[in-house]
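First the structure, in the form of structure tokens, and then the observations on it.
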Amino acid sequence: MIMPGRILLWLFSQLYGATVTVRNSLYDCGILRSHSFDLPVICIGNITVGGTGKTPHVIWLADRLSSVVQVAVLSRGYLRKSRGFREVIPGDTTTDAGDEALLMARRLPRVRVFVDRDRVHGIRKIMAEEPPPGAVILDDGYQHRAVKAGMNILLTDWNRLMTRDRLLPLGRLRESLRGMRRADIIIVTKVPPEATAAEMDTVKREMKAGVRQSIYFTTLAYGNPVPLFPETPPQTVTPDSSVLMVTGIANPAPMASYLSTLCTRVIPLSFPDHHSYTESDIVKIKSAFDAMEGERKIVITTAKDAVRLKEIANIAVHLAEVTHVLPVNVQFIENEEDFLNKICQYAGKDH
């Protein structure tokens with residue numbers, strides 16, 4: 001028997017899908033205008049709500065591309081309190097820039113990072129900078145049809161492929177699968193280490209990529225935990241460690257899975273994506289940590305959460321000393337050079 005609530009979700013999903021389809025059609029037929037620009041614009045995004053590893057991929061690509069051309073990243077600056085166009089610098093706060101843009105500015109010393117809710121306005125302002133960049137990476141801009149990017153990179157999570165999802169609010173799709181057609185490159189992210197070539201071939205067939213579309217597979221490579229506060233000594237995770245995993249991201253499951261390979265006790269403490277931590281949250285974290293058993297206790301969080309946690313002033317000393325950040329980097333499973341060559345050729349540079 002289908003529950004009434006499920007029927008209501010289905011109806012809202014159909015209404016949402018129809019609205020998005022009409023909007024995309026208006027752009028496709030030129031009634032709503034898409035703006036092109038006289039410099040390479042590379043859009044990295046998804047058609048699902050969060051959890052595809054977008055920020056690590058933006059950082060990875062911006063870092064690689066910045067070795068051959070001056071790169072600017074334009075982000076919305078989600079949940080920032082500032083308004084309009086702004087360049088993000090490492091000394092900013094999440095209130096100024098938002099967590100993801102601030103993380104990018106701190107991780108990418110050769111790249112200029114900007115925020116602007118109006119992406120057309122933001123790109124125009126970036127082009128007026130001196131010296132102007134040689135390429136712009138548009139962070140999470142796949143649904144921003146007002147910008148006609150020269151190259152669209154679409155991400156999908158191996159653990160929840162967009163081809164197996166449904167429209168909001170029934171599922172996590174921002175638009176129908178027809179939106180895949182706009183992509184020049186599709187990257188299947190968070191591929192588990194045990195995935196076989198046959199399984200990846202099955203996913204390729206499921207994507208039903210067009211002739212002009214290329215598909216790549218990446219995984220997340222985790223590094224050694226580093227202290228949240230540099231003045232504290234680093235700790236390592238051993239099989240007898242007890243880990244309190246504190247996250248405010250869309251999908252913490254891959255991180256939990258990785259930590260479980262290092263120790264047997266991983267206790268997740270999850271907050272909503274882009275969560276703005278408060279002192280009461282620190283009390284929750286402290287209580288969860290103090291309640292843990294074992295002599296080797298450690299708190300591990302993500303780089304995105306770290307930029308917000310560091311802004312909390314009153315963190316108990318014993319908690320600050322054991323709180324570490326788990327670095328994560330993108331790693332191509334195959335054909336990394338082919339991917340970079342495509343990007344560099346579009347940017348008008350040799351790799």
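Structural remarks
- A single member of 245, 255 is in a strand (DSSP E or B), touching a residue at least 12 places away in the same chain (Cβ under 8 Å) and surrounded by 18 or more Cβ atoms within 10 Å (Cβ to Cβ), and it is 245.
- Summed over the range 119-132, the residues that are surrounded by 15 or more Cβ atoms within 10 Å (Cβ to Cβ) and in a loop (DSSP other than H, G, I, E, B) give a count of 0.
- Candidate set from the range 47-92 (those that are at positive phi and surrounded by fewer than 23 Cβ atoms within 10 Å (Cβ to Cβ)); member that is modelled with the highest pLDDT: 84
- Checking 293, 321 one by one, the residue that is surrounded by 14 or more Cβ atoms within 10 Å (Cβ to Cβ) and over 25 Å from residue 77 (Cβ atoms) is 321 and no other.
Okay, residues lined up against (1) modelled with pLDDT of 95 or more; (2) surrounded by 18 or more Cβ atoms within 10 Å (Cβ to Cβ):
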site: 177; (1), (2): yes, no
site: 187; (1), (2): yes, yes
site: 195; (1), (2): yes, no
site: 198; (1), (2): yes, no
site: 210; (1), (2): no, no
site: 218; (1), (2): yes, yes
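- Scan of the range 166-192 for residues that are in a loop (DSSP other than H, G, I, E, B), within 20 Å of the chain's Cα centre (by Cα) and not small (Gly, Ala, Ser), ordered by number: 168, 172, 174, 175, 184, 190, 191, 192
- Of all the numbered requirements in (1) among the aromatic types (Phe, Trp, Tyr); (2) free of Cβ contacts under 8 Å to residues at least 40 places away in the same chain; (3) over 24 Å from residue 58 (Cα atoms), residue 229 misses one, and that requirement is (2).
- Single unsatisfied condition, residue 300 versus (1) of a type outside the set (Gly, Ala, Ser); (2) in contact with a His (Cβ under 7 Å, 6 or more places away or on another chain); (3) without any contact (Cβ under 8 Å) to a residue 40 or more places away in the chain: (3)
- Conditions (1) in contact with a strand residue (DSSP E or B) (Cβ under 6 Å, 6 or more places away or on another chain); (2) at negative phi: number failed by residue 19: (1)
The values are calculated or read from the model by the stated rules, or taken from the named source; none is laboratory data. Since we're looking at a predicted model, the values are computed, not measured. When we count neighbours, we look across all protein chains shown, and the Cβ atoms used for this are built from the backbone with ideal geometry, even at glycine.
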